[in-house]
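Encoded as structure tokens, the structure appears first; notes follow it.
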Amino acid sequence: MKNLPKVTFIIVARNEGKSLPRLLHDLLSQDYPVEKLELLFIDSKSTDQTKTLMTSFLEEHLECDGKIFDNDGVSLACGWNVALENATGDIIGRVDGHGSIPADFISNNVERILQGEKIVGGTTQYREPKSEWSEVLGIAERSAFGGSTASFRRKGELRYVDTLAYAFYSKDVFDEVGRYNECLGRTEDNEMHYRMRSAGYKFCFDPNITSTHECRSTLRHMIKQKIYNGLWVGLTLCVQPRCFSYRHFVPLLFVLAIIFCLFMLVVGAIWPIIILFTTYMSVSIYFTIASIVGSETKKTFKLFFIPLVFLLCHVAYGLGTLCGIMSIPFFMKRNMKKSKEQPN
């Protein structure tokens, strides 16, 4: 036990009062020695009971070495940087406030790092919230067609991947590559992981490491999430375009194809739009059936809405990316002004 490294476990949260108790309970269940853990809670100006829950947790569990810091910058990038400036552990780990982890989560990550890896993580699956349409939204998020084709969403053998969610890092990785870019929102991990890969670090995927996080509880919230995710992909192109893969731009190409087909329809050509939507709906229905068949999903009429959810999510993401690209001049101007206002 004396030879185990100290782990700084970070939770950056904003208005996670409903989800945070689950993660706090998971922390108490960890099989990693509590005396080797440093808990850093970063509150991003929450307007609910998030900070109160953090405070109560540390007051009730004095055996935990924990601190609470305010994130005045609100964004995840700013919160991460606050945590990194105050972290004293040999290993840095992080889970979002709406995440959930098994009892061996920290120990499995540490074990892999002790075997020589610098960055390690595992599969992160979506957890359905308790809502009337949660089953439909959950299927859409879990599907490679509607959610993500990122490799850490799929189980498999031990391997190296291009990125990870809820990863653990040897502290010297951040000492070399620096801090998060606070100009970015929602894409701060993409840009940071690109810098890490460029510095020669590999992302080790261990299938024995598992975690979950809650998907959006309503279609409106899911659409809003997709719009902002796409928006920041577009904006980040002026910061570091190489931090994305082709999959991030497929929805944009789909939206551009729709715009082109609508233009052709106006000038009297109907076939382009027929071909586009026939192809799209065929693929959408295929993935819908593939997601339902063989699963334990309750068969209800609501499942017929999954193709519509796919369509709305793809259009929302693509429109967000398009708006982000068009907003690049304003984004650059705003950040140039901000940098000039900051003291040297």
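The values are calculated or read from the model by the stated rules, or taken from the named source; none is laboratory data. Quick caveat: nothing in here was measured; it's all calculated off a predicted structure. Every residue, glycine as well, gets a Cβ built from its backbone with ideal geometry; the counts of neighbours run over all protein chains shown.
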When the residues of region 296-308 are filtered to those that are surrounded by 11 or more Cβ atoms within 10 Å (Cβ to Cβ) and not hydrophobic (A, V, I, L, M, F, W, C), which remaining residue is modelled with the lowest pLDDT?
297
Matching residues in region 251-286 - criterion: being among the aromatic types (Phe, Trp, Tyr) and touching a Gly at 6+ places or on another chain (Cβ under 7 Å):
254
Among residues belonging to region 27-55 that are surrounded by 13 or more Cβ atoms within 10 Å (Cβ to Cβ) and of a type in the set (Gly, Ala, Ser), point out the one that is farthest from residue 6 (Cα to Cα).
46
Does residue 254 fit the bill of being within 21 Å of residue 326 (Cα to Cα), loosely packed, with under 15 Cβ neighbours inside 10 Å, within 32 Å of the chain's Cα centre (by Cα) and not polar (S, T, N, Q)?
no
Has region 219-234 got any residue that is in a loop (DSSP other than H, G, I, E, B), crowded, with 21+ Cβ neighbours inside 10 Å and of a type in the set (Val, Ile, Thr)?
no
Considering every residue within region 207-225, establish whether at least one is over 18 Å from the mean Cα position of the chain (by Cα) and of a type in the set (Gly, Ala, Ser).
no
Condition check: surrounded by 20 or more Cβ atoms within 10 Å (Cβ to Cβ) and among the aliphatic types (A, V, I, L, M). Does residue 62 satisfy that?
no
The one condition in (1) of a type outside the set (Val, Ile, Thr); (2) over 22 Å from the mean Cα position of the chain (by Cα); (3) surrounded by fewer than 16 Cβ atoms within 10 Å (Cβ to Cβ) that residue 70 fails to fulfil:
(2)
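Residue by residue through region 104-116, note down the ones that are outside any helix (DSSP H, G or I) and without any contact (Cβ under 8 Å) to a residue 40 or more places away in the chain.
Within region 104-116, 115, 116 qualify.
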